[in-house]
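K.L.:
Have a look at the structure that comes next, please.
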Amino acid sequence: GNSVTQMEGPVTLSEEAFLTINCTYTATGYPSLFWYVQYPGEGLQLLLKATKADDKGSNKGFEATYRKETTSFHLEKGSVQVSDSAVYFCALMNYGGSQGNLIFGKGTKLSVKP
Amino acid sequence: NAGVTQTPKFQVLKTGQSMTLQCAQDMNHNSMYWYRQDPGMGLRLIYYSASEGTTDKGEVPNGYNVSRLNKREFSLRLESAAPSQTSVYFCASTPGQETQYFGPGTRLLVL
């Protein structure tokens, strides 16, 4: 079945450091891919998405490129801030059955120190 | 627009008690979902509703029931709570098959 694997955390970085969170997926066909972010005590918010191969999603300085050849969707940011501290989830849209739903990775907790 | 709202925010139950988690959305979305979030497990789908009047099981439906009361509301019921159901529960909705919008979550502790 479809699945998402993302790097385990926690990840601790200093402010202005470069961030990469790896995400790979297993799926039939070409599902849409997402990164969601969960700030402490809150629900999940969509950070960015890509719907087809070679698409780049971007938002708030974060980027991720849909790589079909490596089945990956790694999240990157050039210079993290303390306010980026959160849990990041990679997800794919599962089109099985009568209705699509999201399949999530286990989440990666990011802590950014000043 | 309040988006997706959930009540209660936090609940403590004893084993065997029942309760209903409420979810409502004001975005006129057709599809709604219930997920549970456990440490190290990501989010797992419990039930979903593609449209008013329809519901389907997700990955972990055992011990839960749902009701799509109308287009706005989708409730999750625990008939006889167990400690294994201690979790954070999230409701989500979507207009189609792409971006989902999540509520703030309900933290449930079953003793």
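Every number here is computed from the coordinates shown, using simple stated rules; none is lab data. Predicted, not measured: the structure shown is a model, and the values here were computed from it. Note: ideal-geometry Cβ built from the backbone for every residue, glycine included; neighbour counts use all protein chains shown.
K.L.:
Which value results when the Cα radius of gyration for the protein assembly as shown is divided by 2.2 N^0.38 Å?
P.N.:
Numbers: Rg = 17.5 Å, N = 225, 2.2 N^0.38 = 17.2 Å.
Normalised by 2.2 N^0.38 Å, the Cα Rg of the protein assembly as shown equals 1.01.
K.L.:
Taking 1 over the mean of 1/r across every pair of different Cα atoms in chain A, what Kirkwood radius in Å do you get?
P.N.:
Values: mean 1/r = 0.0706 Å⁻¹.
One decimal place: 14.2 Å for the Kirkwood radius.
K.L.:
Which of the GluC sites (Glu not before Pro) across segment A:21-106 are loop residues per DSSP, with 14 or fewer other Cβ within 10 Å? Intermediate results must be reported in sequence, preceding the final value.
P.N.:
Working: sites: A:Glu42, A:Glu63, A:Glu69, A:Glu76; in loops: A:Glu42, A:Glu69.
The qualifying sites are A:Glu42, A:Glu69.
K.L.:
Can you give the local net charge around A:Asp54? Use residues other than it whose beta-carbon is closer than 10 angstrom to its beta-carbon, Lys and Arg +1, Asp and Glu -1.
P.N.:
Values: positive: A:Lys52, A:Lys56, A:Arg67, A:Lys68; negative: A:Asp55, A:Glu69.
Surrounding charge for A:Asp54 is +2.
K.L.:
When A:Tyr88, A:Tyr25, A:Tyr30 are ordered from fewest to most other Cβ atoms inside 10 Å of their Cβ, what list results?
P.N.:
Values: A:Tyr88 25, A:Tyr25 20, A:Tyr30 12.
Ordered from fewest to most neighbouring Cβ atoms within 10 Å, A:Tyr88, A:Tyr25, A:Tyr30 come out as A:Tyr30, A:Tyr25, A:Tyr88.
K.L.:
Same structure, new question: Residues with beta-carbon under 15 Å from that of A:Val37, excluding A:Val37: net charge, scoring Lys, Arg +1 and Asp, Glu -1?
P.N.:
Working: positive: A:Lys49, A:Lys60, A:Lys77, A:Lys106, A:Lys109; negative: A:Glu42, A:Glu63, A:Glu76, A:Asp84.
Charge balance near A:Val37 sits at +1.
K.L.:
Then there's this: Between B:Asn30 and B:Val12, what is the label-point separation in nm under the 7 Å Cα-to-beta-carbon projection?
P.N.:
4.4 nm
K.L.:
Moving to a separate point now. Per the Debye formula with a single identical scatterer at each Cα and no solvent contribution, what log10 I(q)/I(0) holds for chain B at q = 0.11 Å⁻¹?
P.N.:
-0.30
K.L.:
Right, here's the next one. Under a Cβ-only charge scheme (Lys and Arg +1, Asp and Glu -1), can you give me the dipole magnitude of the protein assembly as shown about the Cα centre, in debye to the nearest 20?
P.N.:
380 debye
K.L.:
Of A:Met93, B:Met41, B:Met32, how do they rank once you tally other Cβ atoms within 10 Å and put the fewest first? Walk me through the numbers before you get to the answer.
P.N.:
Values: A:Met93 21, B:Met41 13, B:Met32 29.
The most exposed by this proxy come first: B:Met41, A:Met93, B:Met32.
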